[in-house]
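Chemist: Take a look at this one; I'll ask things after.
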Amino acid sequence: MWNPRLLLIAPLASLLLVAQPSPTPMVLPVPVLQPGEGLALTIGDGEVHTYGEARREVPMGSLALLVWMRLEGSEWASRSVQFKCTGASGPSTCSNRKGHGKVDLSKALREDCNLAFLSWIAQAQVGWKFDYGEAAARARLEEVFAPFLGRRLPTGDGLPPMTAAWLGDGDLLRTSPEAFLRWLMEPEQSGVVTFGQRFLAGFWVDFRNLMGKEDWWFKTGTSSAPGDPKAAGTWVAGGRGLALVVLHLPQGQGKEEAMARIRKILGLTS
Ligand SMILES: [Zn+2]
């Protein structure tokens, strides 16, 4: 279908930054990526643009927290869940070994507090079993995580152990920049985008200063896959208004480097 916005594409950055269409029609410039990077983006017109290794499936890392927001985010937000992270709990350690201290949902999502999520998920499981039984709970879990599970979930009727693998640790959950972008674009995920805007926007102060009220939101995440170092890497997923973007960087780059890359690619720095 003809879409007038496509004819009004200013340089990518200004299109995404400024709601006003440019009077001069231009061609969408190709973002310059480095080897191993993959990028998928939409300006909100339903079209998906992919660059580099956008279709390479790799472990999704802590982007999995956004899938949990789809599953339980409303419940956790309405209960104003909290957790005190000391960095370790039994066999589990947190992404911050020194502990995150007291976290709420926003901070846990922003800083990847695995222990907080594991605790809230354990509580949620008790509720699921009580509310609709274990088999239905498993069916719901499988349905929501299906795009990322492939056939890696052992068959069975019961709930699998909710380990850090369900927070994106290791190889259980996988995706590609394009697949995750398409997932975020689905109407069922509108709540995830809203949580992103609510909890993750404006965290990057210079962005807020640059763009006023309508902030970009970004969720960073790192992943590792034992035995497959090439599959490890860093993720950034985010959006502003109807625009959504997912970037994957190869191993060796941390969250700060990933944020610097996405800023550069989107032209968010002057
Ligand atoms: Zn923590």
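The values are calculated or read from the model by the stated rules, or taken from the named source; none is laboratory data. Just so you know, these numbers come straight off a predicted model, no measurement behind them. Because the Cβ atoms are built from the backbone with ideal geometry, glycine has one as well, and the counts that use them run over all protein chains shown.
Chemist: Residues that are surrounded by 15 or more Cβ atoms within 10 Å (Cβ to Cβ), more than 14 Å from the ligand (Cβ to nearest atom) and in contact (Cβ under 8 Å) with a residue 12 or more places away in the chain: find the strands (runs of 3 or more DSSP E) completely inside the stretch 25-141 holding 2 or more of those.
Modeler: Answer list for the stretch 25-141: 38-42, 49-52.
Chemist: Of the numbered conditions (1) without any contact (Cβ under 8 Å) to a residue 60 or more places away in the chain; (2) crowded, with 19+ Cβ neighbours inside 10 Å; (3) under 28 Å from Y51 (Cβ atoms); (4) not basic (K, R), L181 satisfies every one except a single condition; which is it?
Modeler: (1)
Chemist: Within the stretch 143-154, how many residues are exposed (fewer than 13 other Cβ atoms within 10 Å of the Cβ) and within 24 Å of V126 (Cβ to Cβ)?
Modeler: Adding up the residues that qualify gives 3.
Chemist: Does A108 fit the bill of being assigned by TED's automatic domain parsing to the domain that holds P154, at pLDDT below 95 and of a type in the set (A, V, I, L, M, F, W, C)?
Modeler: No; evaluated as a whole, the condition is false for this residue.
Chemist: Further question on the same structure: For the stretch 180-270, list the helices (runs of 4 or more DSSP H) that sit wholly inside it and hold at least 1 residues that are at pLDDT 85 or above, among the small types (G, A, S) and within 21 Å of L109 (Cβ to Cβ); which are they?
Modeler: 190-195, 255-266
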